[in-house]
Every structure is written in C-alpha cells, then in structure tokens.
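Below: one structure, written as structure tokens.
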Amino acid sequence: MNGLQRQPIDLLVVGASEVLTCDGSGDDSIGRVVGGVVAVAGDSVVAIGPESEVRSVVDPTGARVVDALGGVVAPGFVDAHTHLVFGGSRVREYASRLTRTKEETIALGIPVGILATVEATRAATVADLMHAAVPRLDEMLAHGTTTVESKSGYGLTVADEIKLLEVNRLLDQSHAVQLVSTFMGAHDVPPEMDRSAYVEQVVSEQIPEVAERGLAVFCDVFCDEGYFTPHDARRVLEAGLDAGLAPKIHAEQYARTGGALLAAELGCASADHLNFARTDDLAALAEAGVTAVLMPLIDFAVRHPKPIDASRWSEAGLTIALGTDMCPGGYAASMPLAIQFACRGNGLSPEQALLAATAGAAHACGLEGHGRLAAGAVADLQIWNVATLEDMVYRTGHNPVRQVIKRGKVVLG
Ligand SMILES: [Zn+2]
C-alpha cells in the first residue's frame, strides 16, 4: 500500500545473521534482531527490522545494497579512552619492562614514562604527529571503531597542548574515524615546573586558550599518587567547567585517592580506570550517573597488580564504557580484543561488553546518537565475518570486522 510514501534510502544492509541494535529495545539487552536489515538515508538510520517490514516503509530504488553474507551487523565501536596523538615510541621501554624493573630499565639509558613521551612530543611537528597518528586510526577502523575519544597531555605547555588538540581537529576532519577531543594538560607535571605552579598554568592559561579556540569538548585530569591530588583535580575540572569543558577523570588507578568521589560530586561524564575504587565509590558514581570506563588492555600491558572485577560495577548499577587506552605505554587498537578481555578477564557477559563498547562508550563521550542502531541514530555500523556475538568473544585475538560504514558511507571493505 501507499508505495508513493515510502522513504527513499541510500543504503540497505541485507543478509545479516543478526542485527545487534544496542538501543535498549527488544527482548534482550542488546536488541538482537535475527535476520534483520538496516536502511540508511544520508548519514542516518531510518529503519531496522525484518526485511519485509523495512521494505514496506522504505524505497530502495537506486540504493546501494550491502550483503552481510550471514555475519553480525553491529553499531560501530566507540573507543571511550585513548591517548592517540603522541610523538616518539616507547617500544624499548615496553620490551625491557617485560623482564626488568623500571630502575633497571632507566639504568640501561632507556627513557621511560609519560615524561619520555612529553620530550618526544614537544620535538614533533603537527605533520610528524599526524603521520604517526593516522596509521593508529587506520588500525582502529580496521577493528570496527568509528569514533575515538582522544586526549592531549603530552605537551604540558600552552603551545604544545594546543598543538596536540589541533592534530585532533585535523584528524577528525581528514579521517573516516570521528574524534572526540579531550584536553588533558593535567596529565603529568612537566620537569621544568613544580606541581602547584603547573596547576596554576593549566587553570589560568591552558584551559582559557583551549576553550577560546574551541579545541576540546572535555577536560580530564590524572588524579593519582605521584600525579595530581583531588584538590588539584577539583581546581582543574572546575576551571574546565567554567570554560564550558565537561569533566572526566582518571581515578583510583594506582591508589585510592578520592578521585571517584570527586567525579560523583562534580557530575563527571566519566571516571576512568577505578582499579582501587571501593564499593561506596562505585555506589556514589552510580548515584551521580557517572559512566565508568573499563580498559582491560592497559591493565594487561602494565600487568596491573589489582585487576578489576567489573561485575561489581554492574551490580552497583553503573553504566560501563569500554576503551582501548591506546597510549605510548600500552599500544592497543582493537576493540574486539578489549571485549574479549573484558569478558574473560573482568567478568562481563558478551552482551554487557558489547553495550560498553557501543552505547556505553558513546554515553561517556556525550554522543547519544552514536553507539546504537535505531531510526534517527547516526549510521555508523560494522559487519562481521562471524554469525553471533558469542563467536566473536570466543575467538581470542580474532578480528571479526569485514566492513565498516561511517555516517552512511562504506569506509572499509
Ligand atoms: Zn588515560
């Protein structure tokens, strides 16, 4: 009936074993639609469902038809936490630390830690940083990631932090993967200043400049022993809020210092790491609606002494987001591997891990139209070469991604 009123579309994905909408609808938590099709017009999803139903409301004349060949269709992954843009490489440190202590590594003349990357990043040009970051983004896209949160924090001067955020902007404009830019001048204290003087510079010089230039959405701080105190973090995040930057925080990663309670008090978009968070910290975060970001691959890379039981996070009622934490200290681009580790290592179910990698991560990034497939959502999706979510989780190290669609356009495969 009413064929004339059917909505014209540009793209139709058919042949899926199942479409995982992750939009909170349906009989299960991930919105599994067995044998579903996805119709896209422009950069948005217009309909999802059984093929006969969708074809009754859309007009596919002239549309590109993509055959999922019996694989899963899922939302593109949102990587909720990365330090994507940096100069130099810490591969020698990583290799040495597999069998040596930090002190033994330094004694060999190998530069270590965030400040080693700061030195290399300050020496790098925008072109150098782009050249290094693009292959990382390519690798992320090949693993199904369509949106990446990317933090500054290896410049630690006004000019070098701006340089990193400019690279974020250029990458967002030029690469198929979308970037969400986070200012993190308070990542470490630079060698030329003491901590309180540096916090003052972040608050009074860096944040106003970043905000003035519109280079970031979020403001983040490394609140931990040996980095910034909760008092410092409050100053930085409140200055960010005053300048229009939404707060995020690295909290309770190596010690419990109070970052989680600060995140709850300030209403942070996310609290990230949380290895040492107590049950009352988790309850406060859940009560305040702060998303908790889980990063199994960095805990693997640093062989973290306090593994996370994320079943406690879900029991506390937290929204969970997943990230790779791609950074110089732990080079990881694969969200499928992060999901596999989150399930086996952190106690999430396949459904919980997928939601964390899609809708949960989008929530942590303030992108409600992303990370789910529903009418009106952004048409970011991926097609896998396996028939079920469980097959992907089962095959450790397997990259299931065969095709990626970003804003309605096929950008991979
Ligand atoms: Zn981080």
Pick out the one residue from G366, G376 that is touching a residue at least 40 places away in the same chain (Cβ under 8 Å), farther than 20 Å from G36 by Cβ and surrounded by fewer than 17 Cβ atoms within 10 Å (Cβ to Cβ).
G366
So A251 fits all but one of (1) surrounded by fewer than 24 Cβ atoms within 10 Å (Cβ to Cβ); (2) within 15 Å of the ligand (Cβ to nearest atom); what number is the exception?
(1)
Say we look at the range 214-239 and pick out the residues that are away from the ligand (no atom under 16 Å from the Cβ) and among the small types (G, A, S); which of these is nearest to L294 (Cα to Cα)?
A239
Conditions (1) surrounded by fewer than 17 Cβ atoms within 10 Å (Cβ to Cβ); (2) among the charged types (D, E, K, R); (3) part of a loop (DSSP other than H, G, I, E, B); number of the one not met by E390
(3)
What is the residue count in the range 63-78 for residues that are in contact (Cβ under 8 Å) with a residue 60 or more places away in the chain and either within 16 Å of the ligand (Cβ to nearest atom) or touching a Gly at 6+ places or on another chain (Cβ under 7 Å) (or both)?
7
Being modelled with pLDDT under 95 and either under 28 Å from the mean Cα position of the chain (by Cα) or part of a helix (DSSP H, G or I) (or both) is the filter; apply it to the range 1-17 and report the residue that is nearest to D43 (Cα to Cα).
Q5
Of the numbered conditions (1) in a helix (DSSP H, G or I); (2) surrounded by fewer than 19 Cβ atoms within 10 Å (Cβ to Cβ); (3) hydroxyl-bearing (S, T, Y), Y198 fails exactly one; give the number of that condition.
(2)
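Return a yes/no flag: does the range 310-320 have any residue that is within 16 Å of the ligand (Cβ to nearest atom), at negative phi, crowded, with 19+ Cβ neighbours inside 10 Å and of a type in the set (V, I, T). Explain how you work it out, then say what you get.
Filtering the range 310-320 for residues within 16 Å of the ligand (Cβ to nearest atom) gives none.
No, the conditions are met nowhere in the range 310-320.
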Of all residues in the range 269-281 being buried (at least 23 other Cβ atoms within 10 Å of the Cβ) and at negative phi, the one that is farthest from the ligand (Cβ to nearest atom):
D281
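Please specify each residue of the range 51-72 satisfying the condition of being in a strand (DSSP E or B) and out of contact with any Leu (no Cβ under 6 Å at 6 or more places or on another chain).
Matches in the range 51-72: V58, D59, V66, D67, V72.
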Regarding D232, is this residue among the acidic types (D, E) and under 26 Å from V78 (Cα atoms)?
no
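Show me the helices (runs of 4 or more DSSP H) entirely contained within the range 214-309 in which 2 or more residues are over 22 Å from the mean Cα position of the chain (by Cα) and acidic (D, E). Step through it out loud before you land on a result.
Working: elements: 230-242, 259-266, 279-288, 296-301.
Of the helices (runs of 4 or more DSSP H) lying wholly inside the range 214-309, those with at least 2 residues that are over 22 Å from the mean Cα position of the chain (by Cα) and acidic (D, E) span 230-242, 279-288.
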More than 29 Å from A362 (Cβ to Cβ), touching a residue at least 24 places away in the same chain (Cβ under 8 Å), more than 16 Å from the ligand (Cβ to nearest atom) and over 15 Å from the mean Cα position of the chain (by Cα): which single residue out of E209, E205, E192, E200 fits that description?
E205
With the requirement that a residue be within 16 Å of the ligand (Cβ to nearest atom) and among the aliphatic types (A, V, I, L, M), what does the range 79-97 give you?
A80, L84, V85
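Determine if the range 34-50 includes at least one residue that is assigned by TED's automatic domain parsing to the domain that holds H143, outside any strand (DSSP E or B), exposed (fewer than 15 other Cβ atoms within 10 Å of the Cβ) and at pLDDT 95 or above. Lay out the reasoning, then the answer.
So in the range 34-50, the residues assigned by TED's automatic domain parsing to the domain that holds H143 come out as none.
Taking every residue of the range 34-50 in turn, none turns out to be assigned by TED's automatic domain parsing to the domain that holds H143, outside any strand (DSSP E or B), exposed (fewer than 15 other Cβ atoms within 10 Å of the Cβ) and at pLDDT 95 or above.
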The range 326-344: number of residues that are within 19 Å of the chain's Cα centre (by Cα) and over 18 Å from A142 (Cβ atoms):
7
Out of everything in the range 326-381 that is within 16 Å of the ligand (Cβ to nearest atom) and assigned to a loop (DSSP other than H, G, I, E, B), what residue ends up being nearest to L297 (Cα to Cα)?
A332
Contact list, first residue from the range 38-62 and over 14 Å from A375 (Cβ atoms), second anywhere and of a type outside the set (A, V, I, L, M, F, W, C), beta-carbon distance below 7 Å, six or more apart or interchain, is P50/G35; P50/G36; D59/R6; D59/Q7; D59/P8
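The values are calculated or read from the model by the stated rules, or taken from the named source; none is laboratory data. Since the structure is predicted, the reported quantities are computational estimates derived from the model, not experimental observations. Positions of Cβ are generated from backbone atoms using ideal geometry, with glycine treated the same way; all protein chains shown enter the neighbour counts.
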